[in-house]
Every structure is written in C-alpha cells, then in structure tokens.
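Colleague: The following block contains the structure, expressed as structure tokens.
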Amino acid sequence: MIDKAEKVVIMITGTILALFVFSILYAKTKYKSDIPECLPYDKAYTEPKVNKIDEKTYQVFAVAQMWTFQPAEIYIPVGSEVDFFLTSKDVVHGFNIAQKNINMMAIYGTINKTTVRFDKPGVYDIVCHEYCGAGHQNMRAQVIVNYPKAK
Amino acid sequence: MDTLLSSEQRPEQIHTVSENGNERVEKFFPSGAIAFFIVLVILCLVIWFGIYFLMIERTK
C-alpha cells in the first residue's frame, strides 16, 4: 500500500520528468540542430585552412595543439553555413563556441565534424574547454562574421 | 512500528501541548515542508526551462 501523499508526489515528479523529455524531443525535431559526428581519419584534415565552397558555404579545417587553434581567425560572411572539421596534433582539446552551442572535442587521430550557420554578424570566440596543460586558459580563436565578403 | 503503517492505519499524529497547566490537543500537518517542496520544484522548473530556451536561442 502506497501512502496517498506519496502517490501525489510520485505523480507530480513523473509529470515533470515527462515534460522535460517531451520538451527535448520537441526541440530536437523542430530545430533540427546538428550533432557532432566522427569521420574516418584523413591526413588532409591536419592542414589548417578555410575552404570556400560557394558564397554561403565554407569548410574550416581546424587543428588544435598546445596551446593554440589554427586558423586563429576565421572570416566568414554573415548568413553562411560552416562545416568545422576538427582534430588535434597532441593532447585532447576542447572546441567551444558558446554563442552557437558548438561543443566538440579535438582528439588526435580522429576528425570531429559539425555544421553551423552564422546568421548574425559579430565576433564568436572559440575557447578550449578541456584542460590541456599550462597554457590552456589562453587557448582561443575567433570566428569573425561580417559583411559582405570573407577573406 | 507506526512508521511502517499507511496513513489510514497509522493513528492520527495528535500532540498534547501543555500550557499553563492546561493540556490542549494539536493536530500536526507539515505545511511548511510542503510549501518548501512546491517552491523548490518551481525553482527547478524555472532554472531548467531558462537554460532550455537559452540553448534553443543559440541554435538559431
């Protein structure tokens, strides 16, 4: 026999948990946010570069190493979609663009990929959020989104 | 032993309080604990959905 008060609390808790799960599933289907994926390792990704596919599509081969990201400044025109291909030359580093919910790990021997669209101009900081040594706190880069052309 | 019984079986939580030599009977109900629980749940919902909508905003 379950106490009446306990039944009430169980129902309240169950309702709230169901609300959380439903909210997450709803957001996932409605906004179709991209989830980072792993790609087969290829040495081509270890050369840092920015590739322009067309006017609104770019690829960034980002390489993390103690204690810097290459390229350190990425110029992108506003409204463009960017594919980040991330790897590391040494230890595990983090790759976090807080304003765009980008949260990846740079791991030696793997390629981590995600896609993001930059619809608003501004400077987006990339920080390392995985402790990687004495210079970890200074490890950062920038995505500079502006009008009208990219460098 | 009383704690293992359901509320229907458990005797009412009746307390006798002595005041100035007179005894009176009080019934106990944990209204403060229940109010605290409700406020705690509301705070949890506010924090959770605050971060939820913030994350959604960042994906746009």
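Colleague: Please find, within the range A:1-38, the residue that is least open to solvent (accessible area, probe 1.4 Å) out of those that are part of a helix (DSSP H, G or I) and farther than 30 Å from B:ILE34 by Cα.
Modeller: As a first pass, look at the range A:1-38 and keep what is part of a helix (DSSP H, G or I): A:4-31.
Imposing the further condition that a residue be farther than 30 Å from B:ILE34 by Cα reduces the set to A:25-31.
Numbers: A:LEU25: 102, A:TYR26: 107, A:ALA27: 15, A:LYS28: 122, A:THR29: 90, A:LYS30: 113, A:TYR31: 75 Å².
Out of the qualifying residues, it is A:ALA27.
Colleague: Considering only the range B:23-36, I want to know if a residue exists there that is at pLDDT 90 or above, among the polar types (S, T, N, Q) and closer than 22 Å to A:VAL9 by Cα.
Modeller: Scanning the range B:23-36 turns up at least one residue that is at pLDDT 90 or above, among the polar types (S, T, N, Q) and closer than 22 Å to A:VAL9 by Cα.
Colleague: Go through the range A:72-88 and report how many residues are closer than 18 Å to A:CYS128 by Cα and among the charged types (D, E, K, R).
Modeller: Residues of the range A:72-88 closer than 18 Å to A:CYS128 by Cα: A:72-74, A:84-88.
Retained after the next criterion (residues that are among the charged types (D, E, K, R)): A:73.
So the count comes out to 1.
Colleague: Next question, about the same structure. With respect to the numbered conditions (1) open to solvent by less than 80 Å² (accessible area, probe 1.4 Å); (2) modelled with pLDDT of 85 or more, which one is the sole condition not fulfilled by B:ILE47?
Modeller: For B:ILE47, the exception is condition (1).
Colleague: In the set A:TYR41, A:TYR58, which member is more than 14 Å from chain B (Cβ to nearest Cβ) and part of a strand (DSSP E or B)?
Modeller: Numbers: A:TYR41 fails: part of a strand (DSSP E or B).
Of the residues listed, the single one that is more than 14 Å from chain B (Cβ to nearest Cβ) and part of a strand (DSSP E or B) is A:TYR58.
Colleague: Could you grab the pairs with beta carbons closer than 7 Å, sequence gap of 6+ or different chains, first residue in the range A:32-58 and modelled with pLDDT of 90 or more and among the β-branched types (Val, Ile, Thr), second one surrounded by 15 or more Cβ atoms within 10 Å (Cβ to Cβ) and in a strand (DSSP E or B)?
Modeller: Listed pairs, sorted by first residue: A:THR46/A:VAL63; A:THR46/A:THR87; A:VAL50/A:TYR58; A:VAL50/A:VAL60; A:VAL50/A:ILE74; A:ILE53/A:GLN59; A:THR57/A:SER80; A:THR57/A:GLU81.
Colleague: Scan the range A:74-94 and tell me whether some residue there is open to solvent by less than 50 Å² (accessible area, probe 1.4 Å) and outside any strand (DSSP E or B).
Modeller: Here is the first cut: in the range A:74-94, the ones open to solvent by less than 50 Å² (accessible area, probe 1.4 Å) are A:74, A:76-80, A:82-88, A:93-94.
Next cut, outside any strand (DSSP E or B) only: A:78-79.
Yes - at least one qualifying residue is present in the range A:74-94.
Colleague: Please state which of the following conditions A:ASP34 fails to meet, knowing it meets all the rest: (1) at the interface with chain B (Cβ under 10 Å from one of its Cβ atoms); (2) more than 30 Å from A:VAL63 (Cβ to Cβ); (3) among the charged types (D, E, K, R).
Modeller: A:ASP34 satisfies every listed condition except (2).
Colleague: Please go through (1) under 22 Å from B:GLU57 (Cβ atoms); (2) in contact with an Asp or Glu (Cβ under 7 Å, 6 or more places away or on another chain) for A:VAL92 and return the number of the only condition it doesn't satisfy.
Modeller: It is condition (1) that A:VAL92 fails.
Colleague: Could you check the range A:81-109 and list, in sequence order, the residues that are more than 14 Å from chain B (Cβ to nearest Cβ) and of a type in the set (Lys, Arg)?
Modeller: Correct list: A:LYS89 only.
Colleague: Just for the range B:27-42: of the residues that are open to solvent by 80 Å² or more (accessible area, probe 1.4 Å) and away from chain A (no Cβ under 12 Å), which one is nearest to A:VAL116 (Cα to Cα)?
Modeller: Quick first cut of the range B:27-42, residues open to solvent by 80 Å² or more (accessible area, probe 1.4 Å) only: B:27-29, B:36, B:38-40, B:42.
Next, only the ones that are away from chain A (no Cβ under 12 Å) stay: B:27-28, B:36, B:39.
Values: B:LYS27: 61, B:PHE28: 58, B:PHE36: 42, B:VAL39: 38 Å.
Result: B:VAL39.
The values are calculated or read from the model by the stated rules, or taken from the named source; none is laboratory data. From a predicted model like this one, the values you see are computed outputs, not experimental measurements. Note that each Cβ is placed from the backbone with ideal geometry, even for glycine, and that neighbours are counted across all protein chains shown. These area figures cover heavy atoms from the full protein model, side chains too; ligands, DNA and RNA do not enter into them. Shrake-Rupley method; radii C 1.70, N 1.55, O 1.52, S 1.80 Å.
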